[in-house]
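To start, the structure under review is shown below, and the notes come after it.
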Amino acid sequence: MDPKQILVVLAHPDDEGIIGGTLMEHAQQGAKITYICLTLGEMGRNMGKPPFATRVSLPMIRRQELKEACQLIGIQDVREFGLHDKMVEFEDQEAVADRVREVIEEVKPDLIYTFYPGHGVHPDHDACGAITIRAVAKLPADKRPVTRCIAMTPGSYAVLGQPDFVNDVSDIVDLKIQAIGAHKTQFQLMLGNYSQETKDRHRHERLWVYRF
Amino acid sequence: MKSIEPARIQQLLDQLKGQEVYIHLEMTTGAYAAHRGEAKLAATAFITNATVTYSQGLIAGDGPYRVGLKTAHGWVFAQGLTHWDETETSRLIAAGHDPDGKLVVALQIAQEPFSSHEED
Ligand SMILES: [Zn+2]
């Protein structure tokens, strides 16, 4: 598959880093990537070390970090949905799914990335995945783009089986880690000390295709 | 963010008392605490832009600090406060960070509602 138009639907700035290598490859191959980021991650606990962000300044700082990370990855079109961090599951799910569907109809992606519902660990991730699946499911079966999902739960293999797609991004792992590091407030959380182990962990990206 | 200077916090608490103010009060272990095995339970509670009027607000302790606000029918309380935004002159932005810099507790008081998506 050689996708031309990709839609990414994730919950927080820095979620895109989980599949940063895969997205970089798509961008390098000329795909146009639209990224719906549902929240600004403004309730995140990482405020820099030593802390330089406050609850008040964090959303603007994270918006800027998101911009930088997307530039590094090659994501040209970022849509902030403006939902409140941690509150995604409490929004009107149908209404948010409609907003996602509108973007699908506008950009006509041939490939979608989101979280696997129930395997996101963070409730916002699960809600994000469920909303996206709901939006895609509204389309006629033959019009549904392939939807690849991120699963983060330890039991994901047992429940979902082997991933449909294991992408070895070793050759661009340094650039991927740089994009993750653009989220300076979250840097500690995401990378710890940038070690060989960190690098190894980021070499492979695993995705499960959602079966509607 | 700077380490809390109790005298300046007290000054802000006095400045904001006796009027309707917006508070943000939060306590969190982080959504991933159980996933990472850091805690047996991932727990968070927050209330944002609740309006209260307090008749007395005090900061206590030698650091980390405690703040208690006495309201007409009860209390607002935060413990573990370590840092504050020293650039704020009319509102209180205080938080408690663990040694990794992660936010554990937050207390904010202002005359205007806090916006989670202020324009830059
Ligand atoms: Zn996230």
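The values are calculated or read from the model by the stated rules, or taken from the named source; none is laboratory data. A quick note: this is a predicted structure, and the numbers were derived from the prediction, not measured. Don't worry about glycine lacking a Cβ; one is built from the backbone with ideal geometry, like all the others, and counts go over all protein chains shown. In case anyone asks, the SASA skips ligands and DNA or RNA and just uses the protein heavy atoms, side chains included. Shrake-Rupley method; radii C 1.70, N 1.55, O 1.52, S 1.80 Å.
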> Filter the stretch A:153-168 for residues that are buried (at least 17 other Cβ atoms within 10 Å of the Cβ) and at pLDDT 95 or above; which is nearest to the chain's Cα centre (by Cα)?
Replying inline: A:PRO163
> What number goes with the only condition from (1) within 16 Å of the ligand (Cβ to nearest atom); (2) closer than 30 Å to A:ASP142 by Cα that A:GLY30 does not pass?
Replying inline: (1)
> Is it fair to say A:ILE19 is in contact (Cβ under 8 Å) with a residue 60 or more places away in the chain, of a type in the set (A, V, I, L, M, F, W, C) and either touching a Ser or Thr at 6+ places or on another chain (Cβ under 9 Å) or open to solvent by 10 Å² or more (accessible area, probe 1.4 Å) (or both)?
Replying inline: no
> For residues in the stretch B:48-96 being among the aromatic types (Phe, Trp, Tyr) and within 20 Å of A:ARG45 (Cβ to Cβ), which is most open to solvent (accessible area, probe 1.4 Å)?
Replying inline: B:TYR65
>> Between A:ALA53, A:ALA11, which is under 30 Å from B:LEU25 (Cα atoms), open to solvent by less than 30 Å² (accessible area, probe 1.4 Å), touching a residue at least 60 places away in the same chain (Cβ under 8 Å) and more than 13 Å from the ligand (Cβ to nearest atom)?
In response: A:ALA53
> So is B:GLY18 at pLDDT 95 or above and over 16 Å from B:VAL105 (Cβ atoms) or not?
Replying inline: yes
>> Among (1) under 14 Å from B:VAL104 (Cβ atoms); (2) at pLDDT 95 or above; (3) open to solvent by 40 Å² or more (accessible area, probe 1.4 Å), there is one condition B:GLU26 misses while meeting the rest; what is its number?
In response: (3)
> In the stretch B:37-120, which strands (runs of 3 or more DSSP E) lie fully inside it and hold 3 or more residues that are touching a Gly at 6+ places or on another chain (Cβ under 8 Å) and farther than 25 Å from A:HIS122 by Cα?
Replying inline: B:54-60, B:65-71, B:75-81
> So which residues in the stretch A:56-67 are open to solvent by 20 Å² or more (accessible area, probe 1.4 Å) and either among the aliphatic types (A, V, I, L, M) or modelled with pLDDT under 90 (or both), if there are any at all?
Replying inline: A:MET60, A:ILE61
> Mind checking which residues of the stretch A:12-63 are assigned to a loop (DSSP other than H, G, I, E, B), within 11 Å of another protein chain (Cβ to nearest Cβ) and closer than 20 Å to A:HIS122 by Cβ?
Replying inline: A:HIS12, A:LEU40, A:GLY41, A:GLU42, A:MET43, A:GLY44, A:ARG45, A:MET47, A:ALA53, A:ARG55
>> If I filter the stretch A:96-117 down to residues being in contact (Cβ under 8 Å) with a residue 12 or more places away in the chain and open to solvent by 50 Å² or more (accessible area, probe 1.4 Å), which single residue comes out as nearest to the ligand (Cβ to nearest atom)?
In response: A:ARG99
